[in-house]
1. Would you mind telling me which numbered condition in (1) modelled with pLDDT of 90 or more; (2) surrounded by 10 or more Cβ atoms within 10 Å (Cβ to Cβ) Ala18 fails?
2. All but one of (1) at pLDDT 90 or above; (2) under 14 Å from the mean Cα position of the chain (by Cα); (3) not basic (Lys, Arg) hold for Phe57; state the number of the condition that does not hold.
3. Among Gly44, Gly62, which is within 14 Å of the chain's Cα centre (by Cα) and open to solvent by less than 100 Å² (accessible area, probe 1.4 Å)?
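The values are calculated or read from the model by the stated rules, or taken from the named source; none is laboratory data. Only a predicted model underlies this, so the values are computations on that prediction, with no experimental measurement involved. A quick note on method: Cβ atoms are made from the backbone with ideal geometry, for glycine too, and the neighbour counts reach across all protein chains shown. To get the accessible areas, we keep the full protein, side chains included, count just its heavy atoms, and leave off ligands, DNA and RNA. Shrake-Rupley method; radii C 1.70, N 1.55, O 1.52, S 1.80 Å.
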Amino acid sequence: GGGGADEMPESEYGVSRAGEGTWAGCIRVVDPLEKETLQAIPLGEGEAPVSVCCCSFHDRKGESFVLVGVAENLKLGERG
């Protein structure tokens, strides 16, 4: 297989809703031990996740947070 979009099972990857030249995305928080989705947040049309990190805050002891950077209407440059 070439790994194209037609070969990605919908049950595992979800349904792609973006048209050509646009983005479709979802932020999915997963419990790796239980293999469960804890939260799924669909992104709006044209929103692309570009960075992610896990952090904690001094006044929120015992909690972890996932921060995701999102770009709107991102255009990738052509490869040379």
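1. Only one criterion is unmet by Ala18, namely (1).
2. Condition not satisfied by Phe57: (2).
3. Answer to the check: Gly44.
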